[in-house]
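The values are calculated or read from the model by the stated rules, or taken from the named source; none is laboratory data. Please read all numbers here as calculations on a predicted model, not as lab measurements. Here the Cβ is made from the backbone with ideal geometry for all residues, glycine too, and neighbour counts use every protein chain on show. Quick note on the areas: whole protein, heavy atoms, side chains included, nothing else; ligands and nucleic acids left out. Shrake-Rupley method; radii C 1.70, N 1.55, O 1.52, S 1.80 Å.
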Amino acid sequence: MDKNIDHGLSSLKEQRAFLVSPDAGLRQMLQSIWPEDVLKFTCFEYGRGAVEYLLTSPPDLLIVDNRISDIPAKELAKLVKSENVYRQLPVIICLDEANLEEPWDWDAVEVDDFLLRPFFTPVVRDRINLTLCRATRALDANPLSKLPGNTSIIQRIQSLMDRKEDFALAYCDLDFFKSFNDKYGFSRGDEILMMTARIIVNTIRGFAGEKTFVGHVGGDDFVFITPPDIVEEACKRIVFAFDGIVPNFYDPEDRKRKSIVSTDRQGNVQTFPLMAISIAVVFNIDGVLKHYGEASAIAMGLKKKAKENPKSNYVLDRRNP
């Protein structure tokens, strides 16, 4: 067992894997790499014996050996992937060198990676770790913007805190977005969200060489992380770009009037200003904050303050400069 306390899965805990293989040596090797509280294996010698469990209690990972005798490994993988609910389940196939003498049609064989005999434990460990992490990132990504989602955001914040790195965490959301959606429809609303994502990403990308991160919590909520000394300049650029672009998404008469008539959440007809972006910035200097929940709580209070101004603006948490 390797000496790394998390065995390469530091951000993933209590994962479950199914191994379908007649190879006792493979089973013993896999079970020796990770403790059960990190990655727990349930093992089956035959494919058909695993199918019922796969569909009723799906694991986080399926490893299927091409040596199973009752059903072709690729057919077992196809069976699982054909179920829409389980299509995101990562599948690894174990092969012998002879299996690769002819090219495989990997587009038709619905697996996510393969392991090749003779197995080398460090390679097996890291390819399985990579498959699980890749699957988590893919599932977590926001389907519209493709930016990292809430799980990845929390992991990044907590990782910076655990390493006691100084950073600024900015929460962004759009004011009067719902009124725009209500009048123009969800399709045009999605265009606004994509535009906002591009503005934030392109702005943060402009600080070349800096340690930065951009995520999409969901809906009209975004976050970005920068070193503390550049965050205010990033906020200024985002506000400037947003205010310069967003009027173009309104019809000419609304753009000229600088407002729209729409229905609020209580069903009342009201006049709303053009959309604005509010940014709340939390600083973590010298490890003052220990848990991402602390940063989130501070940011929520700052966002309320930012939203008191109907125009695009940003608020910095001056308590932790």
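For region 21-104, calculate the relative contact order in percent as a whole number, restricting contacts to Cα pairs under 8 Å that are 6 or more residues apart.
For region 21-104, the relative contact order is 28 percent.
Within region 166-197, find all residues whose amide N lies under 17 Å from a label point positioned 7 Å from the Cα of Thr263 along Cα-to-beta-carbon.
178-186
By its C-alpha gyration tensor, with a ≥ b ≥ c as the square roots of the eigenvalues, how is region 95-156 shaped: rounded for a/c under 1.5, else prolate for a/b larger than b/c, else oblate?
Oblate.
If you average the sequence gap of Cα pairs under 8 Å that are 6 or more apart and divide by the length of the chain, what percent do you get for the contact order?
Once divided by the residue count of the chain, the mean separation gives 14 percent.
Taking amide H positions as placed 1.01 Å from N in the peptide plane, with prolines and chain starts having none, which residues 5 or more places from Ile260, or on another chain, fall under 5 Å of its amide H?
Under 5 Å from the amide H of Ile260 lie the amide H atoms of Phe272, each far enough along the sequence or on another chain.
If you line up the Cα atoms of region 263-321 on their principal axes, what length do they span on each, largest first, in Å?
In descending order, the Cα extents are 49, 20, 13 Å.
Name the residues whose placed amide hydrogens come within less than 5 Å of the amide hydrogen of Ala276, ignoring near sequence neighbours (fewer than 5 apart) on the same chain.
Answer set, sorted by chain and number: Asp175.
For region 14-107, what does the alpha-carbon gyration tensor say about shape, rounded, prolate or oblate, given a ≥ b ≥ c as the root eigenvalues, a/c under 1.5 as rounded, and a/b over b/c as prolate?
Oblate shape, in that a/c is at least 1.5 and b/c is the bigger or equal ratio.
What does the helix-only formula give at 222 nm for the chain: each DSSP H stretch with n ≥ 4 adding -39500 (n - 2.57), the total divided by the residues, and the result rounded to the nearest 500 deg cm²/dmol?
-12500 deg cm²/dmol
State the extension gain, in nm to one decimal, for the chain segment bounded by Asn248 and Glu165, taking 0.36 nm per residue of separation less the distance between their alpha-carbons.
Net length gain for the segment: 25.9 nm.
Helix 121-140 versus the longest principal axis of the chain: what angle, 0 to 90°, nearest 10, using Cα atoms?
40 degrees
Anyone know which of Asp65, Asp220, Asp162 comes out most mobile in the 10 Å Cα GNM of the chain?
Asp162
Which residue fluctuates the most in the chain, going by a Gaussian network model with Cα springs under 10 Å, if the choices are Ala297, Ala17, Ala276?
Residue with maximal mean-square fluctuation among Ala297, Ala17, Ala276: Ala297.
Would you be so kind as to identify which of Tyr314, Thr131, Leu116 lies farthest towards the positive end of the dipole of the chain, taking Lys and Arg as +1 and Asp and Glu as -1 on Cβ and the Cα centre as origin?
Among Tyr314, Thr131, Leu116, the one farthest towards the positive end of the dipole of the chain is Tyr314.
In whole Å, what is the distance between the alpha-carbon centres of region 101-145 and region 171-195?
Cα centroid of region 101-145 versus Cα centroid of region 171-195: 36 Å apart.
Quick check: at a probe of 1.4 Å, how many percent of the accessible area of the chain sits on carbon and sulfur atoms?
Carbon and sulfur together cover 52 percent of it.
How much length, in nm to one decimal, is gained on full extension between Lys304 and Lys236, taken as 0.36 nm per residue of separation minus their Cα-Cα distance?
Stretched out fully, the Lys304 to Lys236 stretch lengthens by 22.6 nm.
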